[in-house]
Amino acid sequence: MLSLHNVTKNYGTFEALRNVTLDFTPGVYALLAPNGAGKTTLIKMLATLIFPTRGEILWNGDDIVALGAAYRDILGYLPQDFGYYKNHSPRQFLLYLAAIKAVGRETAKRRVGELLETVGLADVADKKMRAFSGGMVQRVGIAQALLNEPQLLILDEPTAGLDPKERVRFRNLISTLSKDRIVILSTHIVSDIETVANHVIMVQDRHIIANAAPAQIVSLLEGRVWETDDMAVAGKSGLVLTERQENGATITRFVSDSTAPQMVSAPGRRVWPVAPNLEDVFLHTYRDEA
Amino acid sequence: MSENWQLGVEPEVKDRAIAHILDEGLVHPVSAWERARTIQRELGTKNIFFDTAWSLIFSGVMVVAMIVITLGVPAAWRHTATVACAPLLFTVILAGTEMLERATAMYDLKQTAHFTIRQVTALRVMAYSLVAAVVTALLASLSATGAAEVLTLVPLGLAALFGCALAEVSTLRFTRSPWAMAVFTVVWMAVWIGAPVRFGEAWEACLASLNTALTSGIAIICAVALVWQCAALLKESRTHVIPA
């Protein structure tokens, strides 16, 4: 189990995170927050790239910093825009990373072959990555994070650049992996979270403001999300979330604390309740953020 | 975590620690040298210098430049040339490889591996400084006109090399910006090339007057300090996590 106890991180006088306490058990945890909320700071601390100013992070009761290489051996990490070696093939690149992850040579050869199959790159395994698309590079990144069969997998924007088919494949892979390990995802793509996450951790203004199952998070807006073809109603009644075109009309989705926003609609216009989703919660929670 | 943490260790933590030690036995701490040998053995030379080809090619160009300058310079400027050229190979190759490493998030990724990039960098520094020391000693010997001048130029060149290497590795240890290494290299070269331009023959006379014992001492002290910096990179022990 991974635990954070009252973790605070300061950069000089700037406080990036304050008194964060979290427990992670096997499953998929999604970090949901706008840029600048402290998400990357949290991820980098879990990856031992930076260290808490106060508090401690424990893996099965032991401080992760004191564990050193023993902790890094159980860690799989995919940074955002992870960079890669254009003049090498995915196989060469993965074998190199397997070496610095201290995976034995024979195990590495077998594992690299398996992972290239898993991420659908077996047929280009020996081609230079120079000509790879963003999605292919990202799949190489996902493969490297799994090289050492990590018990803790930290993925920062893992589906960025993936097409819908690749994204589905990735979600399935994460679901399979999460049965016996902790997966922490940082993503802006709400549909990824709704599909695979067991827990959603929301960060706002340096604090954890929610840590619950997606259904529980979504229930925060139960009975408060509406749609209308009368834009004026949305403006009067609450916070506008999204707009879309449907049969020539503009349908506005909004949050209202009023139990009957239809009372203020113009004659001939409609207002109807809809089931909230995670995107609604995200837009509502972070409405004041840039 | 209670306030007792500040004073010592909580009794249950202490009991657990004693039980753990009794179970495992006392483990002999691994020295930096043993750690370096383990990394070299398990990673292999190929992986230690993975994707450093461009830096190596560029360093080849530097060696040619060093040969041309050191052997081609008039005898009146030999000490100046030795001091200016000795660190060239080391500083350019290390700055090149480190800048490429730091330019992407790959650096962070490699810091989360069993053998971190900073540990690998420590091995690279050792290899580069050994090669640079051999090249410096050879060129200084070849440019000297007699045995006495060899004894002057070689320690002078090595002092310049290890002094630069120590300053550069210290910069590497305490910065994360990819540009830190480039700035260091430019500043170092500007100082040591600028000094003779600014002070003229007085600069050469100053270097020529340096006692061999002094330059040998500086070279040895800087080399020892460099090894110490490499050992620190290899261990990378972090102790600044403060309990709540």
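Annotations
- Looking only at the range B:86-117, and only at residues there that are in contact (Cβ under 8 Å) with a residue 40 or more places away in the chain, of a type in the set (G, A, S) and part of a loop (DSSP other than H, G, I, E, B), the one that is farthest from the other protein chains (Cβ to nearest Cβ): B:A86
- Within the set B:L156, B:L234, the sole residue that is within 14 Å of chain A (Cβ to nearest Cβ) and surrounded by 13 or more Cβ atoms within 10 Å (Cβ to Cβ) turns out to be B:L234.
- Failed criterion for A:S186 (all others in (1) within 26 Å of A:A37 (Cβ to Cβ); (2) not assigned by TED's automatic domain parsing to the domain that holds A:A47 hold): (2)
- Residue satisfying condition, being out of contact with any strand residue (DSSP E or B) (no Cβ under 6 Å at 6 or more places or on another chain), crowded, with 21+ Cβ neighbours inside 10 Å, under 30 Å from A:G76 (Cβ atoms) and within 14 Å of another protein chain (Cβ to nearest Cβ), within set B:V125, B:V120: B:V120
- Neighbours by Cβ (under 6 Å, 6+ apart or cross-chain): first from the range A:225-243, among the β-branched types (V, I, T); second in a loop (DSSP other than H, G, I, E, B) and at pLDDT below 85: A:V233/A:S265
- Residue check for A:H207: in contact with an Asp or Glu (Cβ under 8 Å, 6 or more places away or on another chain), on the phi < 0 side of the Ramachandran plot and not polar (S, T, N, Q): no
- Residue within the range B:215-229 that is buried (at least 18 other Cβ atoms within 10 Å of the Cβ), among the aromatic types (F, W, Y) and closer than 21 Å to B:R118 by Cα present: no
- Selected residue (criterion: nearest to the chain's Cα centre (by Cα)) from residues of the range A:67-77 that are among the aliphatic types (A, V, I, L, M) and within 8 Å of chain B (Cβ to nearest Cβ): A:L75
- Any hit, the range A:83-93, residues being at the interface with another protein chain (Cβ under 10 Å from one of its Cβ atoms), modelled with pLDDT of 95 or more and in contact with a Leu (Cβ under 6 Å, 6 or more places away or on another chain): no
- Number of positions in the range B:75-91 that are surrounded by fewer than 23 Cβ atoms within 10 Å (Cβ to Cβ) and under 25 Å from B:Q40 (Cβ atoms): 0
- From A:A98, A:A145, residue being within 12 Å of chain B (Cβ to nearest Cβ), aliphatic (A, V, I, L, M), closer than 22 Å to A:T25 by Cα and out of contact with any Cys (no Cβ under 7 Å at 6 or more places or on another chain): A:A145
- Considering the range A:101-111, and only residues there that are more than 7 Å from chain B (Cβ to nearest Cβ) and in contact (Cβ under 8 Å) with a residue 24 or more places away in the chain, the residue that is nearest to the chain's Cα centre (by Cα) turns out to be A:R111.
- Residue ID - surrounded by the fewest Cβ atoms within 10 Å (Cβ to Cβ), chosen from residues in the range A:49-66 that are more than 7 Å from chain B (Cβ to nearest Cβ) and within 20 Å of B:R118 (Cβ to Cβ): A:A66
Yes/no per residue for (1) modelled with pLDDT under 90; (2) of a type outside the set (V, I, T); (3) out of contact with any strand residue (DSSP E or B) (no Cβ under 6 Å at 6 or more places or on another chain):
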site	(1), (2), (3)
B:F174	yes, yes, yes
B:F184	no, yes, yes
B:I193	yes, no, yes
B:F199	no, yes, yes
B:S216	no, yes, yes
B:A219	no, yes, yes
B:A231	no, yes, yes
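- The one condition from (1) hydrophobic (A, V, I, L, M, F, W, C); (2) part of a helix (DSSP H, G or I); (3) over 30 Å from B:R102 (Cα atoms) that B:L210 does not meet is (2).
- Residue that is nearest to A:N148 (Cα to Cα) [pool: residues in the range A:174-185 that are modelled with pLDDT under 90 and either touching a helix residue (DSSP H, G or I) at 6+ places or on another chain (Cβ under 6 Å) or crowded, with 17+ Cβ neighbours inside 10 Å (or both)]: A:L177
The values are calculated or read from the model by the stated rules, or taken from the named source; none is laboratory data. Keep in mind that what you see is a predicted model, and the values were worked out from it rather than measured. Cβ: placed from backbone, ideal geometry, glycine included. Neighbour counts: every protein chain shown.
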